[in-house]
Structure formats: structure tokens, C-alpha cells
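Engineer: Sending over a structure as C-alpha cells; questions will come in a sec.
The values are calculated or read from the model by the stated rules, or taken from the named source; none is laboratory data. Keep in mind that what you see is a predicted model, and the values were worked out from it rather than measured. Cβ sites come from the backbone with ideal geometry, for glycine too, and all protein chains shown count toward neighbours. Surface accessibility is based on the protein's heavy atoms, side chains included, excluding ligands, DNA and RNA. Shrake-Rupley method; radii C 1.70, N 1.55, O 1.52, S 1.80 Å.
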Amino acid sequence: MNEMPRDHRPAKCIRVLLAEDQGMMRGALALLLGMERDIEVVAQLGSGDGIVDAVLVHRPDVALLDIELPGMSGLDAAAELRVRAPDCRVLILTTFGRPGYLRRAMEAGAAGFLVKDGPVEELAEAIRRVLTGETVVDPALAAAALSAGPNPLTAREREVLNASVEGATVADIAGRLRLSESTVRNYLSSAIGKTGTRNRAEAVREARQQGWL
């Protein structure tokens, strides 16, 4: 019996979109995934703002997204894709294995969450599994997320903390979010209390460390 040629691909490959801001990492992942006989990388992006449009153009089966991207984050893109491209399965791949990120990814409709230090064979298998309807999550991160509990910050508290970076004043935040200054102070005070910190700079650091922002 003749052997199948090594470069043979099935008639229907799994189409993958890859969003990763580090060019070397993006290129390496695309190259390695492209070596899998049933996977084809159809689009590569270095920022988050173009993810949704690229998915609508290229129609991938799976969108492989980093979290921390320039522009729109991978988590925000996942939430938008759930509405605008529900047939595209989202797999989050990140350096930051934070329990809060996992919870937010699942809430955004992601089908999987893996950290980047795993072998590419594991990633390829995860891509195949999410297409069958499975949810694929790094086991250690899943256990950590269960023990960490839910995100204590409300959506508004997260929004105010995000707007408070880079030295923004209360007035700046109020103007940006169209809130009164007293309301902004109340949200900041609440967020500081919930994070167990002393000021808003510490609150932002702690919330990011936990994956709550």
C-alpha cells in the first residue's frame, strides 16, 4: 500500500485566525500550526482592533487570541465575536495564567483557555477539540480559578479603574466616562476597598495581577 504523502492535507482543513502582538511568537505559532496536516492559518494579526473584521472576511473555524493586545483586548474581541460570528470558536492563548482572566474568558464565550508554555501539539489538539464542542481549559488554571472565587469588581468599578491609569485625575475620568466627580470617587473608593489596597494605583495593580481588569 502506498504511503500518504507527508504534505498531504485533507480536503477540509481547520481554518485558524491568529492574533498575537509579538511578531516572533506570532510567526513561530503560524509556522508550527501550519505544519499540522489538518490546520491552516488563514489570517494573522498583531493588534486587537482588526480581529472582528478579519473573522468576518476570512471566516475561520477557530480564532486563537492573545489577551493583552494593542487596541481591543482578546477578551473584548471574544465577547464581540460571540454576537457577530457565533460559528467561530474562540481559544484564548496567553502568557498570563490568571484565574480572573479565565473567568472573564468563559463569560465572554471563549471555548478554551491555554497558557503559552505548552507544546504546540497540545495547542493543535485543543483547536481540534473545541471544534467538536468541547471546552478546553488548562487544568491547573481551572483549579486556581475555582479557589480564587468570582471577580469582586462591578463592571463600572472596572471601567473607572481602567480609566484611572497614566495619571488621570478624577475630573479626567469623570469627563471621559460622563459621570460626576463624586460618583467616580465612590467607585474608586469601593474598588480600593474590594482589592484590599491603599490607593487607586495599588488597586489597579492588584486588579490586573488577579486578572480582574
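Engineer: Percent of accessible area on segment 44-139 owned by carbon and sulfur, 1.4 Å probe? Present the calculation step by step, with values, prior to reporting the outcome.
Structural biologist: Values: 1980 of 4140 Å².
Roughly 48 percent, rounded to a whole number.
Engineer: Run the numbers for residue 209 and residue 176: contour at 0.36 nm per residue of separation, minus the present Cα-Cα distance, in nm. Intermediate values should be presented prior to the final figure.
Structural biologist: Numbers: separation 33, 0.36 × 33 = 11.88 nm, distance 2.46 nm.
Full-extension gain reported as 9.4 nm.
Engineer: Could you work out Rg/(2.2 N^0.38 Å) for the chain, with Rg from alpha carbons only? Numbers along the way, then the final one.
Structural biologist: Numbers: Rg = 19.5 Å, N = 213, 2.2 N^0.38 = 16.9 Å.
Working it through for the chain, the quotient is 1.16.
Engineer: Then there's this: Which one, 167, 27, 74, has the greatest fluctuation when you compute a Gaussian network model over the chain with C-alpha springs under 10 angstrom?
Structural biologist: Highest fluctuation among the options: 167.
Engineer: Also: Which of the listed residues, 184, 77, 50, is farthest toward the dipole's positive end in the chain, when Lys, Arg count +1 and Asp, Glu count -1 at the beta-carbon?
Structural biologist: Ranked along the dipole, the leading option is 184.
Engineer: Relative to the Cα centre, what is the charge dipole magnitude of the chain, using +1 at the beta carbon of each Lys and Arg, -1 at the beta carbon of each Asp and Glu, and rounding to the nearest 20 debye? Walk me through the intermediate numbers first.
Structural biologist: Details: 26 positive and 29 negative charges, 125 e Å.
Dipole size: approximately 600 debye.
Engineer: Is the C-alpha gyration tensor of segment 26-68 telling us rounded, prolate or oblate? Criteria: a/c under 1.5 is rounded; beyond that, a/b larger than b/c is prolate, otherwise oblate.
Structural biologist: Judged from the Cα gyration tensor, segment 26-68 comes out oblate (a/c at least 1.5, b/c at or above a/b).
Engineer: Follow-up question, since we're still on this one. Return one whole number: the accessible area per residue of the chain in Å², for a 1.4 Å probe. Numbers along the way, then the final one.
Structural biologist: Working: 11270 Å² over 213 residues.
That works out to 53 Å² for each residue.
Engineer: Describe numerically, in nm with one decimal, the distance between label points set 7 Å from Cα along Cα→Cβ at residue 183 and at residue 87.
Structural biologist: Distance between label points: 4.1 nm.
Engineer: Which GluC sites (Glu not before Pro) does segment 111-213 hold that lie in a coil by DSSP with at most 10 other beta carbons within 10 Å? Present the calculation step by step, with values, prior to reporting the outcome.
Structural biologist: Values: sites: 121, 122, 125, 134, 157, 159, 166, 181, 202, 206; in loops: 134, 166.
Passing both the DSSP loop test and the Cβ count: 166.
Engineer: Please work out the FRET efficiency for the pair residue 35 and residue 115, using the Cβ-Cβ distance as r and a Förster radius of 25 Å; give the result to the nearest 0.05. If you can, show how the numbers build up before the last one.
Structural biologist: On the way: r = 21 Å, r/R0 = 0.85.
The computed FRET efficiency comes out at 0.75.
Engineer: Here's a follow-up. What longest range of the chain stays clear of loop-exposed trypsin sites (Lys or Arg not before Pro) (DSSP non-H/G/I/E/B, at most 10 other C-beta within 10 angstrom)?
Structural biologist: 13-177
Engineer: Could I ask something else about it? Projected onto the charge dipole of the chain (+1 at Lys/Arg Cβ, -1 at Asp/Glu Cβ, origin at the Cα centre), which of 17, 41, 173 gives the Cα projection farthest towards the positive end?
Structural biologist: 173
Engineer: Moving on to the next point. Please report the antiparallel percentage of the DSSP beta bridges confined to segment 27-156, to the nearest 5.
Structural biologist: 0 percent
Engineer: Any chance you could run the full-extension gain for residue 28 through residue 53? It's 0.36 nm times the residue separation minus the Cα-Cα distance, nm to one decimal.
Structural biologist: The span from residue 28 to residue 53 would gain 6.7 nm if fully extended.
Engineer: Shape call for segment 105-213 from the C-alpha gyration tensor, a ≥ b ≥ c root eigenvalues: rounded (a/c under 1.5), prolate (a/b greater than b/c) or oblate? All intermediate terms of the calculation are to be shown ahead of the outcome.
Structural biologist: On the way: a/c = 2.90, a/b = 2.44, b/c = 1.19.
Prolate, because a/c is 1.5 or more and a/b exceeds b/c.
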